[in-house]
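Colleague: If you scroll down you'll find the structure; I have some questions about it.
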Amino acid sequence: MDRKSGGKYKSPRLAFSECDIFFSGSAEHSSFSNTGAIVDIIVCVKRVPDTAGATIEIADDARRIREDGLVFDMNDCDKYAVEEAVGLKKKYGGSVTAIALGTEDVEDILRMCFVTGCDEGIRLTDKAFQGSDAVTIARILHRLIQSMKFDLILTGAQATDDGYGQVGSALAELMGISHATLVIGIEILDGKARVHRELEGGMEEVVEIRLPAVLTIQTGINIPRYVSIRALMKVAQKEIKVLDLKGLGMREEEVGESGSNTSIERLFLPPLTKEMEILPSDPGEAATRVVKILKDKGGLV
Amino acid sequence: MGRIFVLIEHRKGAIRDITWEMLIKGRELALRSGGELTALLLGYQIRNLAEKLVQRADEVLVVEDEKLSNFNGEIYQRVLSKLISEYKPALTLIGHTSFGMELAGQLELPITTDCIDLCLENGALKAVRQMYTGKVNAEISFIGAPSYIVTVRPDVFPAEGQQTGRGEIKYLSLPIEEIKYKKFIEYIEPAVGEVDITRADILVSVGQGIGDKKNISMIAELSELMGGVLACSRPIVDKKWLPKERQVGLSGKTVKPKLYLAIGISGAFQHISQIKGGHIIAINKDPRAPIFGVADYGIVEDLFKIVPVLTSKLKEIKAG
């Protein structure tokens, strides 16, 4: 069964019935043309604690980290995804809708999306969503997105909190559309996209993928713009649509921990793999030691 | 545990290291559980690769087809799905790589990704993976399913080990449908840059802690005084503060200097795993930064306090 079809994603039934025209050279069923491609984009974003520069402590139940004192922000890759979505809109025309799943606090990052240039924001909030794994999150997003019209879904390649890196591809599978991961370049062609994927060792892979499609965005694809507090204040009143479990027509057992196939048993701090010598933190003494190590290792001759 | 599948990763006619790493871990699990280790080799004109695998697996299942010539996640995923439903492995190991990430999430089986360890506890599979930028490890359990997918982080398990395979190669003929909605176009090799950080004995490497592009010159000066070459971590390249040729990491370069001075680098695994050998000195203000887990010497202090003093000290020495 070929569930992957050309043209704009309208509804599952419509999309499934369209014929396979992607590489046939005919564009008449496609919503694109070389001259006037319009892309409607959905971008899925996540609010995460900024842990790179913070000291992390594990909570008493050993299943989560202590969040008090942590600064929350939009997931790093997602910032690039939002910037890319807005860049594509600017280049080809169309619209960008941002979706975030989480508590009321995710409105912060949806407002960041507005500042960057997203047209609409949707927040998916329900207590029952807590503890969902990557596939379950994809299932919740799918429930919303299946009724929307779009050409592209962008999301970050991997989140800095749980880092499963699976929501994008699982979502594509549920939608019955194609996908590419670790994307570092996008060009919209006639009914398809030419994307560059990041491989190991500085290599890239170029693939062509029919639209609609899901692309998971890797950092470095662009330079996300700075979002100022002042700019955020200007969009503070902009409407954000809110949907909960019931609004999505889902049941509690489909989501959260009960809907997930994997579960976090416990968190622990990574064991040290190496015995490290701590050098003095006094700059003068530290510098003396570094110079000595440098000389010992054959430098400074 | 019954059969364990390992999806062989290869590119341009060469088997990639992650393959050997997964076969070592797969063998350990198979020995503990009395299971069987099966290597899955998909591709075109790959018979020579199958020969290389026979010593490491009990069985090598080969699916050879022109449509599998270049990696295409969509085709590979379909073939893999068919093999999983036919052979019903208890566990399928796939690399957490640009190759594996493209297809693992599409298999409609319980999955956990980027694992750094796997073990059996009372017959049940447990996985360990990292969260929160490598600052926390998590133990993951799977909930009631006959078959699981686990993607394995590269460079965690050794690639060398006992050759304990029975060495049977089985060529399968599967009908493979043409995929029209996703097409491989080409590979692009990394551009040759002005410097080659892979040859440097001393690397002075800068990370996100540097805060601003204008501060990079401070590290460049230090590097020159030390007789080293300036390198960096991924965020610096993402911000376009330094060119990609200077990036140490999985998507950049693998380096083996005698001395590696890491300045303001937190130490994401994709970065530290690509520093092979040599002594590492790390300067970072966060005592729990993962870089200290691999460093030989650590200075837990703000880099802006240490670097200027170190720089003037080196200038004094140079002035004689």
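Colleague: Just one of A:Ile221, A:Ile209, A:Ile264 is assigned to a strand (DSSP E or B) and modelled with pLDDT of 95 or more; which is it?
Modeller: A:Ile209
Colleague: Continuing with this model, one more query. Please find, within region B:148-172, the residue that is farthest from A:Ala213 (Cα to Cα) out of those that are modelled with pLDDT of 90 or more and outside any strand (DSSP E or B).
Modeller: The qualifying residue farthest from A:Ala213 (Cα to Cα) is B:Pro158.
Colleague: Can you name the residue in region B:174-191 that is loosely packed, with under 13 Cβ neighbours inside 10 Å and free of Cβ contacts under 8 Å to residues at least 12 places away in the same chain and is also farthest from the other protein chains (Cβ to nearest Cβ) among such residues?
Modeller: It comes out as B:Pro175.
Colleague: Next question. Among the residues of region B:237-258, write down those that are crowded, with 21+ Cβ neighbours inside 10 Å, more than 10 Å from chain A (Cβ to nearest Cβ) and either within 25 Å of A:Ala54 (Cβ to Cβ) or over 19 Å from the mean Cα position of the chain (by Cα) (or both).
Modeller: The answer is B:Val248, and nothing else.
Colleague: Those residues that are at negative phi and loosely packed, with under 15 Cβ neighbours inside 10 Å, I need them from region A:239-255; list them, please.
Modeller: A:Glu239, A:Lys241, A:Val242, A:Asp244, A:Lys246, A:Gly247, A:Arg251, A:Glu252, A:Glu253
Colleague: Here is a further query. Within region A:68-80, does at least one residue satisfy the condition of being polar (S, T, N, Q) and modelled with pLDDT of 95 or more?
Modeller: yes
Colleague: Could you pull out every one of the helices (runs of 4 or more DSSP H) wholly within region B:20-127 that has 3 or more residues that are within 14 Å of another protein chain (Cβ to nearest Cβ), open to solvent by 10 Å² or more (accessible area, probe 1.4 Å) and modelled with pLDDT of 90 or more?
Modeller: B:73-87
Colleague: Filter region A:193-219 down to the residues that are in contact with a helix residue (DSSP H, G or I) (Cβ under 6 Å, 6 or more places away or on another chain) and more than 7 Å from chain B (Cβ to nearest Cβ) and list them by number.
Modeller: Correct list: A:Val214, A:Thr216, A:Ile217.
Colleague: If you go through region A:271-278 one residue at a time, do you hit one that is at the interface with another protein chain (Cβ under 7 Å from one of its Cβ atoms), open to solvent by less than 40 Å² (accessible area, probe 1.4 Å) and aliphatic (A, V, I, L, M)? Give the derivation first.
Modeller: Within region A:271-278, the first condition is being at the interface with another protein chain (Cβ under 7 Å from one of its Cβ atoms), and the residues that meet it are A:272-274, A:276-278.
Adding the requirement that they be open to solvent by less than 40 Å² (accessible area, probe 1.4 Å) leaves none.
No, every residue in region A:271-278 fails to be at the interface with another protein chain (Cβ under 7 Å from one of its Cβ atoms), open to solvent by less than 40 Å² (accessible area, probe 1.4 Å) and aliphatic (A, V, I, L, M).
Colleague: Please find, among B:Glu224, B:Glu194, the residue that is out of contact with any Asp or Glu (no Cβ under 9 Å at 6 or more places or on another chain) and either open to solvent by 50 Å² or more (accessible area, probe 1.4 Å) or small (Gly, Ala, Ser) (or both).
Modeller: Working: B:Glu194 fails: out of contact with any Asp or Glu (no Cβ under 9 Å at 6 or more places or on another chain).
Exactly one residue qualifies, and that residue is B:Glu224.
Colleague: Oh, and also: Just a yes or no: is a residue in region A:256-269 among the charged types (D, E, K, R), more than 34 Å from the chain's Cα centre (by Cα), at the interface with chain B (Cβ under 7 Å from one of its Cβ atoms) and open to solvent by 40 Å² or more (accessible area, probe 1.4 Å)?
Modeller: So far as region A:256-269 goes, no, none of its residues is among the charged types (D, E, K, R), more than 34 Å from the chain's Cα centre (by Cα), at the interface with chain B (Cβ under 7 Å from one of its Cβ atoms) and open to solvent by 40 Å² or more (accessible area, probe 1.4 Å).
The values are calculated or read from the model by the stated rules, or taken from the named source; none is laboratory data. Quantities reported herein were computed from a predicted structural model and do not represent experimental measurements. We place every Cβ from the backbone using ideal geometry, glycine too, and count neighbours over all the protein chains shown. These area figures cover heavy atoms from the full protein model, side chains too; ligands, DNA and RNA do not enter into them. Shrake-Rupley method; radii C 1.70, N 1.55, O 1.52, S 1.80 Å.
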